[in-house]
Amino acid sequence: MKKFYLLFAALFAFTVIATAGTKNLYKQDFESAGTPADAGWKSPNLAGNMSMQSTEYGAWFRFSLGANNNRNAVLDFNYGREAGIFEGQDVKEYTVKFQWGFVRNSLAAKPQDTQFSTELALLNNSWAYVSNKSNGYNVNNGQYCTLDSICLFSITQLKGAYSDTNPYWIDNQDVSTHATEFVVNRDTTNATITLAEGMWYDIEVTINTETKQTKWKISELEGAEVKSGESKLADNCDPFVKGLNVLMGRQNSVADIDEVKVQAITEGDYANTPTISLVEVDQKKRTFDIYFEEGEILHVKKTEGGEDTAVENPYRYITETSGTLEVWTESGSATSEHVKYDVVAEVIPLPKAAIEIIKVSEGYGKSLKMTVDNSTVPTQPNITLTWEYSNGDKSSGEVASGAVYAAEAQGTLTVTTHAYGFGETTITYENNTDFAIDKTIDFQHTSEADLLAKGFTEIEELRADKMSGEGNWTARSRMWFGIENGEFNEDGTAKSDTHVVWGPTTNTEAEGIRRFQLVPSKLTKEVATTIFAPAYTWYTGEADPAVADGSDVPALKMNYGIGLINTGVKGDEQTAGISVANANIGIDGLTDNDFYMVYLVADYGSTAEHPIFPAGTSYADAKAQYLAMNLGTAVANANQQINGANAKDGQALVLKGTDIFGLYRIDTAITRIDIFKSKNPTGIETLPYNKVVSDHNAPIYNLNGVQVTTLKKGIYIKQGKKFIVR
């Protein structure tokens, strides 16, 4: 009998209902799957938010949305199989079972900013369907599975995404009262249900492949039924299930899935194959849980010799002897396949920590991020890190993976990995490279004369009443500074008045943003390479090698006094819809031993500096000083400083010399790029870099080794190095 915690809370028990004559056409209990991908899960936009969770009572799959809009994940029932689960089977009726627990998305300040659009759907088209817009519909990005031809069953959050046309939406209504209301198979008349977040539910759907009649039941794990009903599939719907789609509503939703089965009744006895799960490692000792169906008899051939039988599920086996563990089941006259597991009862060393430079400054200053990957370690233990930095004096501490050490002087960082029951490992990083800024490319302070000389043309001013997809630069007072007004708060701190530099037209001190554009027809290969050399802008010519006029890429746009913008729109006539999510930029002539830092500022303003000037400073002087600053912040994810250094949130990227940076469309500007090179290049020997020189004309390949010309979101390879397009 497998047990669970209430989602993040209390303990429950779960009983697998199976008898002799019940065949598992598909079973995924996640006990032996090391990663979501191993289990057959995929997510087109949020693969990094899929994870395996476990306690001493078992493992399950989790999809956590985080700070993202609607995204989905799909479990492909045919993953890793040469034939589909129904091929070669004469199945007239089958039942899909799975367990589900959820936590709703966080409530936004405004109802219209919240999307209650969680949905579970059984599909007959699985992964091939959601990865594109085949059949005229796309479940991939925040859409329900409403197409009758592919949807076999669905549980949908009743409120749905905010929309003036949403039939469930009542303007300005307190949507929190509806956050746990769901509808089954879109039948709002007969099949609305209320589910509790933080609890697990059993879902059971039976489908007759001949009549296309379906029966469904939703129950609490204790056994109490929530709702049951019947429905019929559409005439053009293939009745054979291929996958489970999990769609999550906006921001911080969590879905947990476990015990997924597709079962059919057999005419005679049938014994299902058991599952072996390694649940604990303690030096040489190994603890296994062996799962099998109730009503069957488990046979266990032990590594130290001898056999055992069991009827209680799961069976726990503990050994300190290397050898082959062999298990199988019996049910009536049927015997299952034998499963073998090679047990190596030796101490397992942990992987070494990875030390990554995520920020550099002149001299020896570096932010060193320490991470360790537990995904390949049996049982995926929680690995902690101890660190010591020696530069004459010594400092040390214990941190979690992902912590950052801010080194300010030359020295040695030593990091050791620790986890109960495993062997420790140590890695040393020598911080002996003295960096200096070799060149700065200042987009923010490029003069009007220089922009005109480079071929830019001034276009209309951006003001709050002309949104044009860029309205947040002006509409919400994003860019501001303060001047102390001579008054003080109760705690003695100075008060200040806010002055908006670019903001609403109703503000008398606000002004429009001047914009300069270089249209694609002027963005030839030569211009793209030299206009901000050694940085090259996003001309590639790769979409069609015969194209030399830049028409296959978006225009360059300079928001004057802010930075370089990717318009996201191809062609000189910048009125078409956005067609380019990321525009690539890089630096020529650098090696993997060099770095460059990209300073960014977003139209939401959270990444801009907002200084407070002393009382008596004139508005004109404050504005001049503000505009002379670098508005883009220079912190690269260094929010976990561990040696007392100040850290603040911000957007900046530190990239190795041959890396490519993808600038997101419209809402982000590059304010400046600093290029760092070593003062003593021969001293760079501490990180295993290849001294590859960047070449923006080098071909780009996907992970299958196929050369590509259009870069969508994903991982690619250029000059033998991986890079990510987000």
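Observations on the structure shown:
- Neighbours by Cβ (under 6 Å, 6+ apart or cross-chain): first from region 42-56, within 15 Å of residue 715 (Cα to Cα); second outside any strand (DSSP E or B) and not β-branched (Val, Ile, Thr): 42/127; 44/131; 44/140
- Subset of region 563-593 that is at pLDDT 90 or above and of a type in the set (A, V, I, L, M) - its residue that is farthest from residue 446 (Cα to Cα): 587
- Residue that is over 21 Å from residue 94 (Cβ atoms), in contact (Cβ under 8 Å) with a residue 24 or more places away in the chain and of a type outside the set (S, T, N, Q), where the choices are 259, 210, 197: 197
- Verdict on residue 341 being modelled with pLDDT of 90 or more, within 14 Å of residue 429 (Cβ to Cβ) and more than 24 Å from the chain's Cα centre (by Cα): no
- Count - residues of region 320-337 that are under 39 Å from the mean Cα position of the chain (by Cα), acidic (Asp, Glu) and in a strand (DSSP E or B): 1
- Identity of the residue in region 555-572, within 21 Å of residue 512 (Cα to Cα) and not in a strand (DSSP E or B), that ends up least open to solvent (accessible area, probe 1.4 Å): 562
- Residues of region 389-445 classified as among the hydroxyl-bearing types (Ser, Thr, Tyr), outside any strand (DSSP E or B) and either under 27 Å from residue 379 (Cβ atoms) or open to solvent by 40 Å² or more (accessible area, probe 1.4 Å) (or both), total: 2
- Pairing residues of region 311-327 that are within 14 Å of residue 274 (Cα to Cα) with residues that are aliphatic (A, V, I, L, M) and in a loop (DSSP other than H, G, I, E, B), at Cβ distances under 6 Å and at least 6 apart in sequence or on separate chains, gives 313/1.
- Strands (runs of 3 or more DSSP E) wholly inside region 208-297 that include at least 1 residues being basic (Lys, Arg) and open to solvent by 10 Å² or more (accessible area, probe 1.4 Å): 213-220, 225-232, 285-291
- Among the strands (runs of 3 or more DSSP E) confined to region 1-77, the ones with at least 2 residues that are modelled with pLDDT of 90 or more are located at 22-28, 50-55, 58-64, 71-76.
- Checked against the criteria, residue 341 does not count as in a loop (DSSP other than H, G, I, E, B) and more than 30 Å from residue 593 (Cα to Cα).
- Strands (runs of 3 or more DSSP E) (entirely within region 466-540) containing at least 2 residues that are out of contact with any Lys or Arg (no Cβ under 9 Å at 6 or more places or on another chain) and either at pLDDT 90 or above or open to solvent by less than 50 Å² (accessible area, probe 1.4 Å) (or both): 479-488, 494-502
The values are calculated or read from the model by the stated rules, or taken from the named source; none is laboratory data. Since the structure is predicted, the reported quantities are computational estimates derived from the model, not experimental observations. Neighbour counts run over all protein chains shown; Cβ positions are idealised from the backbone, glycine included. To get the accessible areas, we keep the full protein, side chains included, count just its heavy atoms, and leave off ligands, DNA and RNA. Shrake-Rupley method; radii C 1.70, N 1.55, O 1.52, S 1.80 Å.
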